[in-house]
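Scroll down for the structure; my scribbles are underneath it.
The values are calculated or read from the model by the stated rules, or taken from the named source; none is laboratory data. Remember, predicted model here, so these are calculated numbers, not experimental data. For neighbour counting, all protein chains shown are included, and Cβ atoms are generated from backbone atoms with ideal geometry for every residue, glycine included. Note: accessible area is taken over every heavy atom of the protein model, side chains too, but ligands, DNA and RNA are not part of it. Shrake-Rupley method; radii C 1.70, N 1.55, O 1.52, S 1.80 Å.
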2 protein chains.
Amino acid sequence: MEVINDLLGYDGLKIIQRPDMFNFSLDSTLLADFVRPLAKTKKIMDLGTGNAPIPLFLSLKTKAHITGVEIQKEVFDIAVRNIELNKLTDQVTILNDDIKGLSKKFENSEFDIITCNPPFFKFNGASNTNKHDFKTIARHEVLITLEGIIIEVKRLLKTKGSFCMVHRTERIEEIILLLNKHNFSLKRLRFVYPKHGENSNAVLIDASNNGNPGLTLLEPLYVHENGGYTKEIKRIFNYGQE
Amino acid sequence: MEVINDLLGYDGLKIIQRPDMFNFSLDSTLLADFVRPLAKTKKIMDLGTGNAPIPLFLSLKTKAHITGVEIQKEVFDIAVRNIELNKLTDQVTILNDDIKGLSKKFENSEFDIITCNPPFFKFNGASNTNKHDFKTIARHEVLITLEGIIIEVKRLLKTKGSFCMVHRTERIEEIILLLNKHNFSLKRLRFVYPKHGENSNAVLIDASNNGNPGLTLLEPLYVHENGGYTKEIKRIFNYGQE
């Protein structure tokens, strides 16, 4: 079964989803909002693009060419149809490819910005996870680890290019160590909190490839209040309709 | 000139200050609030104790013995008098000593908790800083660097002992790398924001010596709202009077 949804309040965008695979997540929406394309930004890549929500969102705020990469054939097919449905085939290209080894297929240092909503969880081979399942592959590090992604990003990204990622707060220490190991500098961090009085569960990270130190820790992002979404989340959801 | 102030709203505590040296800071108050002594906590050390605000605050919430260490003789003298003034000589000892090499004077792994409000700024030898000035020594890494402090803490602290520090948010990346290098695990992080809509400028850090991974990112701490202090800051200031 397949459904076509409005991409939230976004300006006329539609998105095809298959509930048995996964729907685009709040994380992807927040990541797309967090990315800061410049006028000079020419090429953006989205790794593990799923059904392409991040390229769709980004098309609203940049003229840059966007390449989405998705390894799962059935998910890739939906991503392609989402780009066609929204008449974005000139701006967005979707590739059915593996992140691992991807940099060999491109020139070094080609991209200005790379985004990624990676698998959040380490894969422990537990019997309750099926490593061929669509959702398991998207959520667990079955096919690639965080360091594997960073290694490819390093090669694909220009010097001082921006790597924007959303991840679980509980892994922030490891993320900072790995980024440092590969000579990225943290430029912006924003912690996401489910609501007031709770601990942060997600974090938005902008790291610069061989960039200079200089971190800005942005104000926290709260998702819920008074049983609904916060004003800021509503603003993000309605981007393009303001 | 010297003044005796009430230590905010704290239960009967008084503190002697000399405005030409420095007054105890909001940072020290927040750090003392952040520390979590347990019933089994026996020994706490406060490095760079200044006029001893952190030992004074901590005496309200623990029976553990507290050792404060201050290198500057004139500041040390005031710290001693503050402990006497508050009749805490049984619980608190102040040493006039250098953090550098301090661990040689104690048994290894003696302390359960070590607190530190260290110099926040790297010392660049700029002509506008006087490296003999009380405030410069407290604020700039003239006499010891962050890594120098961590090395001493490592030796003084029990395995899985807690190292609690307040620092500038802009140095969080470096702090995490140094703590990791010396095999500390981040246990709790809390970012401090001057007010809503601004970036974080300070961070509270609790790291465990040779501890297991497992980070909790606490809710943000806002200092000001509507032209005054937030409820939480007022709560911290009035500890002991609730």
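Some notes on this structure:
- Carbon-plus-sulfur accessible fraction, chain B (probe radius 1.4 Å, protein heavy atoms only): 49%.
- Of the GluC sites (Glu not before Pro) in the stretch B:188-241, those whose Cβ has at most 16 other Cβ within 10 Å and which sit in DSSP loop: B:GLU198
- Under 18 Å from a label point set 7 Å out along the Cα-to-Cβ vector of A:THR216, the amide N atoms of the stretch B:156-173 belong to B:169-173.
- The stretch A:23-100 and the stretch B:103-127 have Cα centres spaced 48 Å apart.
- GNM flexibility winner over chain A from A:LYS158, A:LYS231, A:LYS61 (Cα, springs under 10 Å): A:LYS231
- The HN-Hα couplings worked out from phi for the stretch B:91-106 by the Karplus form 6.51 cos²θ - 1.76 cosθ + 1.60 (θ = phi - 60°) are 9, 10, 10, 10, 10, 8, 8, 8, 5, 4, x, 4, 4, 5, 8, 10 Hz, whole numbers, x standing for Gly and Pro.
- Relative contact order (percent, whole number), chain B, Cα cutoff 8 Å, 6+ residue spacing: 18
- Rounded to the nearest whole Hz, the Karplus-based 3J(HN,Hα) values (6.51 cos²θ - 1.76 cosθ + 1.60, θ = phi - 60°) of the stretch B:141-148 follow the sequence 7, 7, 9, 7, 9, 4, 5, x, with x at glycine and proline.
- Max mean-square fluctuation residue, GNM over chain B, Cα-Cα springs under 10 Å, options B:LEU56, B:LEU47, B:LEU217: B:LEU217
- In the frame of its principal axes, the stretch A:180-242 has Cα extents of 42, 31, 15 Å, reported largest first.
- Principal axis box of the stretch A:129-201, alpha-carbon based, largest edge first, Å: 37, 35, 17
- Taking all protein chains as they are arranged and a probe of 1.4 Å, the heavy atoms of A:MET165 leave approximately 0 Å² accessible to solvent.
- Rg to Rh quotient for the stretch B:93-242, alpha carbon positions, Kirkwood Rh: 0.99
- Over the stretch A:15-158, relative contact order from alpha-carbon pairs under 8 Å, at least 6 apart, %: 25
- Counting only DSSP H runs of at least 4 residues, each contributing -39500 (n - 2.57), and dividing by the residue count of chain B, the helix-based mean residue ellipticity at 222 nm comes to -7500 deg cm²/dmol.
- Comparing B:PHE57, B:PHE123, B:PHE111 in a Gaussian network model of chain B where C-alpha atoms under 10 Å apart are linked, the largest mean-square fluctuation is found at B:PHE123.
- Counting Cβ atoms of other protein chains within 10 Å of each residue's Cβ and taking the mean over peptide A:198-204 gives 3.
- Taking only the Cα atoms of the protein assembly as shown, the ratio Rg/Rh comes out at 1.04, with Rh defined as the Kirkwood radius.
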